[in-house]
Every structure is written in structure tokens, then in C-alpha cells.
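Engineer: Structure incoming, see below.
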4 protein chains.
Amino acid sequence: MAKVILAYSGGLDTSVCIPWLKENKGLDVIAFSADLGQGEELSPLKEKAVKTGAEKCIILDLRKTFVEEFIWPAVRAGAHYGGYLLATALGRPLIGRELCRIAREEGATAIAHGCTGKGNDQVRLESVAAARAPDLKVIAPLREWEMKTREEEIEYAQKRGIPVPVTKKSPYSLDVNLWGVSIEAGVLEDPMVTPPDDCYQWTTSPEKAPDEPEVVELTFAGGVPVMLNGAHEGDPLALISALNEIAGRHGVGRYDLVEDRTVGIKSREIYEAPAGFVIDMAHKGLEGLTLSKDVRAMQRVLAPRYGELVYNGFWFSDLREALDGFFKSSQARVNGRVKVQLYKGGARVIGRESDQSLYNLALASYGEEDAFDHKAAEGFIKLWTLPLRAEARARGEA
Amino acid sequence: MAKVILAYSGGLDTSVCIPWLKENKGLDVIAFSADLGQGEELSPLKEKAVKTGAEKCIILDLRKTFVEEFIWPAVRAGAHYGGYLLATALGRPLIGRELCRIAREEGATAIAHGCTGKGNDQVRLESVAAARAPDLKVIAPLREWEMKTREEEIEYAQKRGIPVPVTKKSPYSLDVNLWGVSIEAGVLEDPMVTPPDDCYQWTTSPEKAPDEPEVVELTFAGGVPVMLNGAHEGDPLALISALNEIAGRHGVGRYDLVEDRTVGIKSREIYEAPAGFVIDMAHKGLEGLTLSKDVRAMQRVLAPRYGELVYNGFWFSDLREALDGFFKSSQARVNGRVKVQLYKGGARVIGRESDQSLYNLALASYGEEDAFDHKAAEGFIKLWTLPLRAEARARGEA
Amino acid sequence: MAKVILAYSGGLDTSVCIPWLKENKGLDVIAFSADLGQGEELSPLKEKAVKTGAEKCIILDLRKTFVEEFIWPAVRAGAHYGGYLLATALGRPLIGRELCRIAREEGATAIAHGCTGKGNDQVRLESVAAARAPDLKVIAPLREWEMKTREEEIEYAQKRGIPVPVTKKSPYSLDVNLWGVSIEAGVLEDPMVTPPDDCYQWTTSPEKAPDEPEVVELTFAGGVPVMLNGAHEGDPLALISALNEIAGRHGVGRYDLVEDRTVGIKSREIYEAPAGFVIDMAHKGLEGLTLSKDVRAMQRVLAPRYGELVYNGFWFSDLREALDGFFKSSQARVNGRVKVQLYKGGARVIGRESDQSLYNLALASYGEEDAFDHKAAEGFIKLWTLPLRAEARARGEA
Amino acid sequence: MAKVILAYSGGLDTSVCIPWLKENKGLDVIAFSADLGQGEELSPLKEKAVKTGAEKCIILDLRKTFVEEFIWPAVRAGAHYGGYLLATALGRPLIGRELCRIAREEGATAIAHGCTGKGNDQVRLESVAAARAPDLKVIAPLREWEMKTREEEIEYAQKRGIPVPVTKKSPYSLDVNLWGVSIEAGVLEDPMVTPPDDCYQWTTSPEKAPDEPEVVELTFAGGVPVMLNGAHEGDPLALISALNEIAGRHGVGRYDLVEDRTVGIKSREIYEAPAGFVIDMAHKGLEGLTLSKDVRAMQRVLAPRYGELVYNGFWFSDLREALDGFFKSSQARVNGRVKVQLYKGGARVIGRESDQSLYNLALASYGEEDAFDHKAAEGFIKLWTLPLRAEARARGEA
């Protein structure tokens, strides 16, 4: 019998997918779960998947790959989407790549996922398949089947003797990986409603955060963080984990946005990314010191484009690779140390230094060491304003 | 004798300019001071200027014009420069415009200013002259004269019996108008040094800010704020003033940046703009709800360009006017209310609503009212990913 | 019975649509044909449509509206898509707008078109409906019906006694309006095949074009042409028609492109737009003289975005309107005269002048009238290159 | 005595520079001339420079380096400035780099050039020094000395017994290298004047060009041409030279532009670049076939920025290097063959093919092999137009 590789979480939706795929598509199901740092014990899924009818369940710890091949390039690029730095969107191409790889290894003809038809994740996973294994069929049971409510799914599962997850459903829809939490649904669907405190998973409420500010120092090399407070060198997982804890404790890293989904609608999204927030802010602070005005202006154009590509599922595209070509070069210069103060939900850069700083105290200083040629300004301004003079003449003002 | 109009603050530099212009350029000096909300009593300058040797001193309250013709268009455009929303830079074109206008009225042949040769303000003022009165000569005594220190200037003044400002010199160089404070020099010249608390003029230190969060509601029409907590309609000066007070009290609106000056060097700048910070954040929040993805993407390109023009002195340029043509149209849709929470130096949008919202609950909801056609996604994704399939084929992956 | 307004050309596809809509959708069909200068006599369509089963056929001459509300704004914006200036794409929003308007007038509940599922025109027409009459149903019979070949359609028509167009089918697929011809299919589907001469409708083969060059002079006001060789003022239809004839006679205005369709595939397209080609070239020539470097740089970013919106069916969008706000302002300055030489398939600007020229002979001249301050260059270059010096220092080169 | 390296052409200006530098700056002069394919015999300059007072004259053939390190990267990037592809501007950074290198080798403390204060070349040469040898002094005698006319320079030379070039001065100012000719001054300074035929150096007048079209085929690899008509592989100099001859013979490669100089003024420029014109056109034609819509859209933004950097003297900048990072990646895909027809001053792409083509006949064809899923379009358009529906709702149209 032909095989399908199913992106499997052990939750209700993907559990129901297993019998559905067998019954409706006549496929043997191999479940696949990836550890991207979502903080759940995955090993029980092996048994659970098989009990639910899967041939087997493959579990992989992809956390290091996730950081090195997906998160760091996005950090280096300053990628964002409407101001948010993307976490779920960065994990999907990795999951999709593994789905395709496993499909090849197992000789499967299809992959399947438990995404609905109105979200971004279906687009992201299917884009990976299009880019890397365009011959594979992609099956999205939730877009096809007739079940409309959680209750119908439970009934479907119970009829087949499938273990139904007993955890009470959260009032929110959550997606978690080591880089951040995405939170939506429930009362959050009204953009005028203040997010209730119980929707946050990682961050302390600012009002309950410590009464003393805390300063962290991040060291960057090539545009990505390599040390936190002088520690964790060579261990990016530990660095992110430690910073998530510190910044989260201070209530730092919450986002509240109305964003534009790939499928054409706006949605209200709450995100938490304590480490990401601080790293991004520190990164920008260091760029101010180490990148030229021209490079920064260009990055302002390229960074949101990079973010759009990630958001829209175009990680494995020629354009994303070419943008990495740009950033690999431009960010080689972004080395140094940045101090960030965390306090009651806020973070701010309070100092930055670099051996390759473009800041020149002798030129910038108003003190006696001033080395700037003040008289040069006259000639500069004369030519700088020539285009304005031409416009004035054309308007008849001179 | 020919006349020059001098941008006059009553401080040491511009005081010394008066006799210097008379002695070295043979010009009668008319002093000009504008009230842009810098919070100083300007009327004493009339007498002071004359004592210092000026023919007369013209004082104008330009605060309303400043807000309506300069600040609001910049807010509407989301103009920023390296993340800062610009205050000093927005005031210069207005001062420059008045200098030129007065020069015409008084039959002067030149204007003069007290800027040095390494700052941005010389460029901004002289750009206005180039754009609006290109025949006027511009004199910058501080770029020309030999005096290098404050002490030499004081000696120069005392020799001529000119009243020397008795205020003790601040360790910082400040520029203030109703939209913000610019702070530089002194220990701030080392970008790794945390700004000392005494450099801030308007904002409470976050640690000393109230222990209770405060929520403000801003109402926008056409992309600019028209009410604060339902009040101040029709009185933008009162709105800004009240919001500066509230946000400043909560320690909100501090910026710490290394930025790229027009004259080609980097400098470390501290800014305070409590009202501006909150308005800008609320404005972006409302844009998320009311502007399409396409308009927002274009604005991400245009807003920093608008900011660059302001920063570099190109307010009176064809490009700035054309950009306003864009924003007048695109921002007509940005109407609604935004709630912002202020707390211990931080601010965050916690709700936004609009009668012209592009958010559609029926489409976005995960609840039972879901009106989204999930099956349409399959066709959408099929075509959306066709370019990726073509790339895969070209790479030999299919 | 409910009604549908059908975009009707009298060709085989839309003729077959009439009975199909009645039989399969149970709708009364009102045919609509617009004269956009495609050069066909439309009045016979009235009778033909009725014979084919339509309730009636509405015919409108929209040529003037087409030029003034669609072509001129696109010319002003320099809109292009991959280098081509768009003709078919500019006509669709007008046709779509009228379809919606007539649907309202006639109380119809749907509109229909004869586009296939792989082209751009379906997207463009349906986008108009989404933007202006989102409640109307859109029916695309060719995407739905089972017929796959011209022969099946003829058989379908003949069975119902419907008059089948007797014109022999062209080996190419053509779309014509007064602004240009789109040519595709047949041997053109191989991008390496040289377009055979018989595919061109309006332009003489360069080899057969007159042996003498011809110079035309275009006068522009506000970025659009208002006179050709001093004539046709106030009559843009006559201007375009005359220029199509002249330039076409000289073989000018052919395009051969591989372009990216909205639906995600590449296609090879041949276009002819003699008047458009010359107007666009002259327009750019005049912009060089009348627009500042900054405005031109911004237009280089905005013009292709404008073209994309047109191509992708987003004419009736907030972004297109906002871009028009930009161009209305920036192009107010683009007034003057341009000489273009036409010869053997080529065109080139050989002169341009404007009362509002930004070119200043006294500054540009190498002759004795030189008014440029050569010494100012030293100061200018000193500051202009400061960022390069900072980069050199950071690289350790100084 | 300290030494200066002078960029030396053997013409009047740089000949006069030699004694002027000795007399006014007290420097020993080492002349330097580079062969960039300007088509002049340089060896006589050795003796001439020494006769004029130089210590020695260094002559280098840099043509191959010029093509491989400067022209090809610019071709790959599609770099242009206002539509022109840049030739003079590409040569300057190479000359400047060699001036700096020789200065180091010879222990010189300064470099000098014969550019005036209103042109671009001074900026370009001095930018290289700023970027690569910021400690070197740059001397520009023509900006400093009092001589204003050619006659005064001749008199200055004759007084010192310096051989004055006997060639009659051209009515135009020319700059030539293997990639193109720049032509300005004389009657060309009036932008309304048609360039007289005698100003062109390389191209036949279209009217006098052959009566038969000629088709050339260019083979590209990695975005640069590697063969012309199947020949010249591995010999880019021969390829360019042969194509300059062929295209020039057909009158192809003339440009007539009003452009914006770095120093703030507009100037009217005539260029000839027969090979460059054809290569650029063919390159774009091949990109249509081999690059995705997204990559092409990004390149439309980056290519003019690359051109601006080249034009403004920022070759040796972090931004140019980062842009090359982008293009190296994106252009790896641009491989294939392009046919270009040359005829009477015009050129057009008439065919292109690639082993890595993104064009898919099975999807694009209107014939029976059509593999496109027409029904997918319905879902696609439904989601594609959702943002327009939201805008319509907000405008109250639905």
C-alpha cells in the first residue's frame, strides 16, 4: 500500500488524520514529529501514533539545525513581518524539508498535515513540497473532511477506539517552538480587547516583573549572537534558552499585532519571543555602530522582504538565497557587544561597542579633540543644495 | 547698510554673532526668534538682542503652524530616521521659511545662523534658503570665525560689553521644541556609556515612574490624532502637551541611537519624545487594522525616505510634496481609536478599532461563525507555489 | 429569472457562453460589448447576441474614458510590467467597472466572462467585481465547462442553431485596444522562435519601413501628451491614433517578452504599441530634464509597482489611488516638448526642452559662461567620502 | 622630495599638471597611464612624461582586470544609471585602485588627477582613495589653479618648454574605454539640439548602416556573456571587441540622456556602448526566462542602486560588495543563449533558451498539451481578491 508521511503532534486533529488517511485515501501512515523546542516530551508519541493506526512514528530533535540554518539567518537579515520577527514561520520549512526527506527515504508518495484552509501553515508546508519534492502529493485532511467541530472529531475518534487527548482545550490556539509562541483565537479575535494575562505562556506580566532592572550583554559575530553575558559560546541553544528565561521573567517580548495572512485576510495575533525580542533590538543597536548609512538604508528595504518570504512560505526560493548572499556579506562587519536593560516589560539598548565601529569620536566630538573640517561644510552644502536651487528656479522662485 | 536676518536664541553663540556680523560683514542685524514650544519665555529676547547690537528682534509664536504643517504630515507619513521620529529636523524648515520671508519683508540680502560646520542644522537651514530664496546669501559665523572655545566667545562678548548668558552651561547640548528634545555631547559621546539620568529633560526615569499602568486612548482621523481620551478636539497643541506630560511621567519616549549625520559621520544621540512615541505607536497599530497589506508594504519603503528628506533638509522639495500626495490618499482610511498602555518606561498598543476596519471577524474567526471558504485554499496554494515548482524543475529536483 | 451580464465579443467562446449560462445556470443573459478602439464594428453584435439567445446587447463607446481615466494615469506613472507598458491590462478594469455598473442598473445578480483559467484577464475582471460589487457572483464558463477544443464548442453551438463565427481562426491569440495589441500562442509559444512577420497587426516590418527617418514632436503637460507635432490638442484619441499610424509605419513599438503571469506561470508575449512606445520614451526623456534626481529615483521604484498593480488586476485598490496621489504631484512639473526620431523599427529621443527645465546651462557648461563653483567640490568630496573613510578604518586600512 | 602619483593621459591638462605639481606643491611627479582599451598607443607617453618633467611614467595594461573585476559584475547586476550602463564610471575605481597601489609601492604621499571641479570623475577617483588609502593626500590641480582657458594652459606649457599636444581640440569632450565612449560639451550642451553625426566615435549612423539585419547569438553563464556566435570562449576582450565592431557597424548602442551628476547638476550626455547595449538587452531577455518574478522584482530595485553606487564613486564600499553577494547568488541561474537582431540602429531580442528555463510549455501552452489546472484559478482568485473585498467593505461598497 502506498505511504503518506504525516506531520504529527499527537493532538486531536492529527490523531484523527491517521484513520482518516487510511480510510479515505487508502494510505499507510507514517507519523513524524520534530522537536523544535516546543517544550513537550515527544517520546510517548511513538506508542500513541501506532495505537492510533500509524505504521510507525519518527521523532527527530531538530533544535540545533533550527537555530543554525533558520533562526540565525533570519536574525542576521533582521527579518520581520509587520514588526514581528517570526517563529512559527521559521519552523515550518524545516518540518517540511524533513517531511520530504523522510518521504523519499520511506518511498512514500504523499505527505499530509493537519492545517486548516485559512491559516498560513498550510501554505508554508506545501510550499516546501513544491520547492523540494514537487512530485509528492500533499494531503490536507482538515480542508477536505466534513467534520466542523471538535466534538465531531472526538466522536470520529471514539468510534474507532482511538485515544482522545484528555487535556482540556485551551481557550487559545497556540504554536510553540524555542524561538517563540504564537497565540490566537478566543477573545483575542476582537482587536479592541486587551489580551488577558492568561494567554501568555512565557512572559511574566510587566506589573509582576522584578522591581530591579537587569542588564544583559550580548556579543555578536557576523550579525548573530555568540555569547550572553560572556557565556554560552558555541551553544546557541543554551544562549536562547537562558535569554528566554531572563527576558521572559522581566515581561519582555510580547507582541500584539493585526497582521495580513498569506491567504488574504487580517488576523489578530499575540506573540511572545523574549530572547528574539532582545536579540533583535541589540542587533539593530550594533548595526547603528557598524554599518554605513547606505547599507542600513538598503537593509530597511530588504529585511521586510526577507520576512515576507519567510511568512509566505518562500524559504526554499532563489530570492531568499540571494538575500542571504547580501546579508552574509553586509553582516560580516556586525561584530561587537551590546548592553540591553530589561525592566517591567520594557527593553532598551543602553550601550554598544565594536572593534570595527564606524563611529569616530574624533570626528563626532564637540570637545577639544574635534578633527572635523568645519569649513568643508560650506562647499558640501553648496553642492548638496544645487538640486533644490534648480527646483526653485523651475518654480519661478529665483 | 545691507541687512541680515539672524536666527537668534539669546544664547552665547548667536549673541556673539550679532557684533561679529556687523564688524566682519558690515551688515545690520535683525534678530529672529521663533516659539516652537521650546518652553522658554522669549519676550526678554527683544531687549537683549537690541542691547547686543541688533536693529530689532522679531518674535513669532509658530507652534500651531509647526504642528499642522510640519508635525502632522510627518506623523501621517510615519516618517522616521533610523527609528527616531524627528523633532529638531521638523522645526528647521519652518524657522528657515520664516527667515526667508522676513528677509524679503525687511529687504535683507542675507540670513545667518549659529550652527557649526559638523551638524545637521546648518544643512537644514541652508537647504530652505536654497529652495525658497536662492538669491539670499547665507552666513554661518561659527564656520568662519577663529574662536574655538566658549571662553574665547565670552571674552569676545565682554570686550564689546555684550551681556553674557549667566546660566551655567549644561554638560549636554540640547535642542528642544514641543515635539521633542535632542540631547548630545558630554559623556554621551561614548556609545557604550549608559545615558546618565540627568541628561533627560522631560521623562521620568522608568524606575521612578508610577507603579500603576495608565491607559490612554487616541482617536485618529486621516492618519493624525484628533483626540486624547476623548478630549482636546480641535486643539492639537493641548493634545500634544497633555500627552507629553502623561507619557513623560511614565518614563515613555526615550531613544538612544547611533545615527548617520548628513555630513557623513556617525553620532550618538539621545532623544525624548513622549507624545510622539505614543502617537507613532498608536498610529502603526491603527494602520494594521485599516490599511491593506500592499499599502503597508509600500509605506515601509516610503516612510524612511520621507524621514531621510526631513533629516537631510529636503522638506521644501518636489519629492517631499509628492510623498505627501501619496500619504494624503493612503491615510484617508486611517480613522479609529487606539488604546495604549503606559508603564515604567514602556508602552504597548492593547486595542484598536475602526469603522473602516479591514479586519473581518467572520473570515478570521476560528469559531462557528467562520465564513472562510477553506476549499479555495487548495487552488490558491496550487498557483501560489507554481513559481517554486518551476525553480525546482530548473534545479533538477523534479 | 435572475440575470447575468456577460462580457461579450461576438467570438466563438462568448457566443457559446450565452446558451451555456441559460442552460446550466438558469440565467437570463444580457450581453455587453465595449468599444476600446479595437477597430471592429460593434453594432452588428446587437442582433447577433439576441440571435444567440441573449435578452439584449448593450454596446458602449468607452474610448475617451479609457484614455483619460486609465491610459493617461498609467503614462504619467511610467507604469510598466517587465518593460512593457500594458494595454490589455488597462482595458480590463474599465470593462469590469461597466459590467458591475450595468449589473446594478439591470438588477443582475451575476457577471460572466469568457476567460480561461490560466490567463490574467480572469483575475483582472474578477478583481474589479471584488473591489466594486463584491456581492455579485462571477461566472467563468470556460473554467467550468467540459469542452476542451474549438471543435467541441462549434458542435455545441451548431446543435443549438447558434451562428458560428465564420472567420478562420488566426494562428495567434490576439487582444486589441487603441493602446496596443497582445499576441500569443501558436509558434510563439517557443521563446527561441523568432516571431513570424504575420503575427504583427499594426507595425510594418523594420526592413520594409520607409528609408527616411521621421521626427515627431510631442508636447507634454502634467506628464501626459497634449499635442503631436503641434496638433490634436484636446483630442487625445486623435493624437494616439495619428501616432499609432506614424510609428507603426516605421516599424516602431514591438515588444517580445517572457513575462510572469499573475497565476504563477511564465508566458511568451508579443506586443505592439507604436504610440505608447513613443510616448513612453518621450516622457522619460522629458523627465530627465524636469525631475530631480531624488524624484526620479523614487519613480524607478514606484513605476514598476504601479505596473504590477495594473497587471495583477488591482486597479481599483487603495494602493493604486495613493500612487496616483504621488504622481499627480510629481508630474505637475513634467511639461515641455520632446523630439523623437523614428527609423526602421527604432526610436530615439534627439531633443527635449521645457520652460521648467532643471537643467542649468550656466552650471553645466564647459564653456566660458561656467558659473559652477569648482572650489566647492573639495569640501563636498571631503564630506561625501567620510563614510568610505570610516569603512576603511574599520577594515583596518587606515 | 615627497612624491605624487599623477593619473596621466598625455593630454594638455595632465601635461600641465606635472610642472604645476612640482612648482606649487614641491613634489616629484610619477605619471601613471592605464590601458583600459581606449584605443591609443600608450608607450610614447613614457618619454613624453619625462620630457614634461615627470620622474618616470608607469604604463599598465589593465584591460582584462577591467572586464573581469568591474564590467562583468556590473553586467551581472544589470547596473544602470538613468538607463545608461556606465563605462567611464566603471574604469575610475580601477585607475584609482592602481594609483593607490603605486603610491604605496613608490612611497608617495599623494595622488593627483586632472579632473575639474564640476564633473563626476574627481568624486570617483577621490572616493577610491578615501576607501583604500585614506591617509594619502589627493591633489586636483585643475580645481586649484587660476588658469581658466585652454589658451592659458598652452601659454603655461610653452613658457616651460613643455611639448604641447598638437592634435586639434575636438569640439567635444570625450572619454573612451573598451566598454564605451562618453561624449559631451559643444553644441550638445543644448538638450534640444540633435547630436551631430560627427560626435559619434564608434557607431555608424543608422541611415548608413547595412541594409540587411544581422543576428548575433550570445551565450551566458552566471549572468555574463561567455560566447559570441559560439566563439571567443575564455577571451572576454575578444568577445567585447568583436561585438563592438558588429553592433557599431549597425549603428546600435547610442544613448542620449540628461543625467544627474553627483555634484548636484544636470548635464546632457551622449554615450556609445555597442557591445554593452547588446549584452545588456540579451541579458535581460535571458533573465525573463530564467529568473522568478520575485527575483526580477527585487533586481529592479537593486540594479539602479548598484548603478548609482558606481556612478557616485562608491565601488569600494560595503554596500556594493553586499549587492554582489546578492547577484552572485541570483545570477547563478542565468545561463543560456539569446539571439539578438541588429538593424539600422535598433536591436531586439528575437529568441532565448536555457537548460534551466523556468518557462514550462506544458503549463503555458494554449494547445492540447495544456497541463494547467484551470479549476485551481477559482480558489486562487477568491483568496487573491480578499483584500480588495475588505477595502470595498470599508468604503461601504458591500
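Engineer: Search the stretch C:285-319 for residues being charged (D, E, K, R) and in contact (Cβ under 8 Å) with a residue 60 or more places away in the chain, and hand back the single one that is nearest to A:LEU388 (Cα to Cα).
Structural biologist: C:GLU287
Engineer: Okay, moving on. When the stretch A:82-114 is examined, which residues are found to be more than 29 Å from B:GLY285 (Cβ to Cβ) and open to solvent by 30 Å² or more (accessible area, probe 1.4 Å)?
Structural biologist: A:ARG97, A:ARG101, A:ARG104, A:GLU105, A:GLU106, A:GLY107, A:THR109
Engineer: Still on this structure: For B:GLY253, indicate whether it is closer than 30 Å to B:ALA332 by Cβ, open to solvent by less than 10 Å² (accessible area, probe 1.4 Å) and either in contact with an Asp or Glu (Cβ under 7 Å, 6 or more places away or on another chain) or of a type in the set (D, E, K, R) (or both).
Structural biologist: Criteria met by B:GLY253.
Engineer: Yes or no: the stretch A:370-382 includes at least one residue that is closer than 29 Å to A:PRO225 by Cα and away from chain C (no Cβ under 11 Å).
Structural biologist: Within the stretch A:370-382, not a single residue is closer than 29 Å to A:PRO225 by Cα and away from chain C (no Cβ under 11 Å).
Engineer: Which number in (1) open to solvent by less than 10 Å² (accessible area, probe 1.4 Å); (2) touching a residue at least 12 places away in the same chain (Cβ under 8 Å) marks the one condition that B:ALA322 misses?
Structural biologist: The failed condition is (2).
Engineer: Restricting to the stretch D:220-229, what's the tally of residues that are without any contact (Cβ under 8 Å) to a residue 24 or more places away in the chain and either over 17 Å from D:GLN341 (Cβ atoms) or in contact with a Lys or Arg (Cβ under 6 Å, 6 or more places away or on another chain) (or both)?
Structural biologist: Number of matching residues: 2.
Engineer: Take C:LEU323 and tell me if it is part of a loop (DSSP other than H, G, I, E, B) and either modelled with pLDDT of 95 or more or over 23 Å from D:ASP260 (Cα atoms) (or both).
Structural biologist: no
Engineer: Residue under question is A:ARG333, and the condition is that it be more than 14 Å from chain C (Cβ to nearest Cβ), touching a residue at least 12 places away in the same chain (Cβ under 8 Å) and open to solvent by 20 Å² or more (accessible area, probe 1.4 Å); does it hold?
Structural biologist: In short, no.
Engineer: Report yes if A:VAL310 is under 17 Å from the mean Cα position of the chain (by Cα), modelled with pLDDT of 95 or more and open to solvent by less than 20 Å² (accessible area, probe 1.4 Å), otherwise no.
Structural biologist: Spelling it out, A:VAL310 is indeed under 17 Å from the mean Cα position of the chain (by Cα), modelled with pLDDT of 95 or more and open to solvent by less than 20 Å² (accessible area, probe 1.4 Å).
Engineer: Here is a check on your reading of the model: is B:ALA49 assigned to a helix (DSSP H, G or I), touching a Lys or Arg at 6+ places or on another chain (Cβ under 8 Å) and touching a residue at least 40 places away in the same chain (Cβ under 8 Å)?
Structural biologist: yes
Engineer: Moving on to the next point. When you look at B:GLY307, is it outside any helix (DSSP H, G or I) and within 14 Å of chain C (Cβ to nearest Cβ), yes or no?
Structural biologist: Spelling it out, it is not the case that B:GLY307 is outside any helix (DSSP H, G or I) and within 14 Å of chain C (Cβ to nearest Cβ).
Engineer: Here's something else I'd like to know. Quick check on this structure: which one of A:THR167, A:THR88 is at pLDDT below 95 and not basic (Lys, Arg)?
Structural biologist: Matching residue, one of A:THR167, A:THR88: A:THR167.
Engineer: Also, I was wondering about something else. All but one of (1) open to solvent by less than 10 Å² (accessible area, probe 1.4 Å); (2) more than 24 Å from C:ALA322 (Cβ to Cβ) hold for B:ALA79, so report the exception by its number.
Structural biologist: (2)
Engineer: Within the stretch D:138-157, track down each residue that is more than 11 Å from chain C (Cβ to nearest Cβ) and touching a residue at least 60 places away in the same chain (Cβ under 8 Å).
Structural biologist: Across the stretch D:138-157, the qualifying residues are D:PRO141, D:MET147, D:GLU153, D:ILE154, D:TYR156, D:ALA157.
Engineer: Further, regarding this structure: Name, by its number, the condition in (1) surrounded by fewer than 15 Cβ atoms within 10 Å (Cβ to Cβ); (2) outside any loop (DSSP other than H, G, I, E, B) that does not hold for B:ALA157.
Structural biologist: Checking B:ALA157 against (1) surrounded by fewer than 15 Cβ atoms within 10 Å (Cβ to Cβ); (2) outside any loop (DSSP other than H, G, I, E, B), the one that fails is (1).
Engineer: State yes or no: is D:ALA242 without any contact (Cβ under 8 Å) to a residue 60 or more places away in the chain, open to solvent by less than 30 Å² (accessible area, probe 1.4 Å), of a type in the set (Gly, Ala, Ser) and closer than 18 Å to D:GLU217 by Cα?
Structural biologist: Yes; evaluated as a whole, the condition is true for this residue.
Engineer: Could you say whether any residue in the stretch A:331-344 is closer than 21 Å to C:THR385 by Cβ and within 40 Å of the chain's Cα centre (by Cα)?
Structural biologist: Yes.
Engineer: Quick one: which residue in A:PRO191, A:PRO210, A:PRO206 is over 23 Å from A:ASP121 (Cβ atoms), open to solvent by less than 20 Å² (accessible area, probe 1.4 Å) and touching a Phe, Trp or Tyr at 6+ places or on another chain (Cβ under 9 Å)?
Structural biologist: A:PRO206
Engineer: Another one. Which one is nearest to B:ASP260 (Cα to Cα), of the residues in the stretch B:115-134 that are at the interface with chain A (Cβ under 7 Å from one of its Cβ atoms), open to solvent by 10 Å² or more (accessible area, probe 1.4 Å) and assigned to a loop (DSSP other than H, G, I, E, B)?
Structural biologist: Looking at the filtered set, the residue picked out is B:THR116.
Engineer: Is it fair to say C:ALA364 is hydrophobic (A, V, I, L, M, F, W, C) and more than 30 Å from C:LEU218 (Cβ to Cβ)?
Structural biologist: So C:ALA364 does not fit the description; no.
Engineer: Looking for something within 14 Å of chain D (Cβ to nearest Cβ) and closer than 21 Å to A:VAL176 by Cβ - is there at least one such residue anywhere in the stretch A:229-250?
Structural biologist: Among the residues of the stretch A:229-250, not one is within 14 Å of chain D (Cβ to nearest Cβ) and closer than 21 Å to A:VAL176 by Cβ, which makes the answer no.
Engineer: Right, next: Output the qualifying pairs, or none if there are none: Cβ atoms under 6 angstrom, residues six or more apart or on different chains, first residue in the stretch D:162-188 and at positive phi, second residue modelled with pLDDT under 95.
Structural biologist: D:ALA185/C:TYR366; D:ALA185/D:TYR172; D:ALA185/D:SER173; D:GLY186/D:PRO171; D:GLY186/D:TYR172
Engineer: Looking only at the stretch D:62-76, count every residue that is surrounded by 23 or more Cβ atoms within 10 Å (Cβ to Cβ) and free of Cβ contacts under 8 Å to residues at least 40 places away in the same chain and tell me the total.
Structural biologist: 0
Engineer: Residues D:SER182, D:SER173: which one is among the hydroxyl-bearing types (Ser, Thr, Tyr), within 14 Å of chain C (Cβ to nearest Cβ) and open to solvent by less than 30 Å² (accessible area, probe 1.4 Å)?
Structural biologist: D:SER182
Engineer: For residues in the stretch A:4-61 being open to solvent by 50 Å² or more (accessible area, probe 1.4 Å) and among the hydroxyl-bearing types (Ser, Thr, Tyr), which is nearest to A:THR88 (Cα to Cα)?
Structural biologist: A:SER9
Engineer: If a residue has to be surrounded by fewer than 21 Cβ atoms within 10 Å (Cβ to Cβ), of a type in the set (Gly, Ala, Ser) and at the interface with another protein chain (Cβ under 7 Å from one of its Cβ atoms) to count, how many in the stretch D:347-366 make the cut?
Structural biologist: Residues meeting the conditions: 2.
Engineer: While we're looking at this one, here's another question. Whether any residue in the stretch C:269-284 is open to solvent by less than 30 Å² (accessible area, probe 1.4 Å), away from chain B (no Cβ under 14 Å), farther than 23 Å from C:LEU218 by Cβ and among the hydrophobic types (A, V, I, L, M, F, W, C) is what I want to check.
Structural biologist: Yes, the stretch C:269-284 contains at least one residue that is open to solvent by less than 30 Å² (accessible area, probe 1.4 Å), away from chain B (no Cβ under 14 Å), farther than 23 Å from C:LEU218 by Cβ and among the hydrophobic types (A, V, I, L, M, F, W, C).
Engineer: Can you find, within the stretch A:194-203, the residue that is nearest to the other protein chains (Cβ to nearest Cβ) among those that are in a loop (DSSP other than H, G, I, E, B) and open to solvent by 50 Å² or more (accessible area, probe 1.4 Å)?
Structural biologist: A:THR194
Engineer: Check off (1) under 22 Å from C:GLY253 (Cβ atoms); (2) free of Cβ contacts under 8 Å to residues at least 12 places away in the same chain for C:ASP135 and give me the number that stays unchecked.
Structural biologist: (1)
The values are calculated or read from the model by the stated rules, or taken from the named source; none is laboratory data. Note that the structure is predicted; figures quoted are calculated from it, not measured. Cβ sites come from the backbone with ideal geometry, for glycine too, and all protein chains shown count toward neighbours. Accessible surface areas use protein heavy atoms only, side chains included; no ligands, DNA or RNA. Shrake-Rupley method; radii C 1.70, N 1.55, O 1.52, S 1.80 Å.
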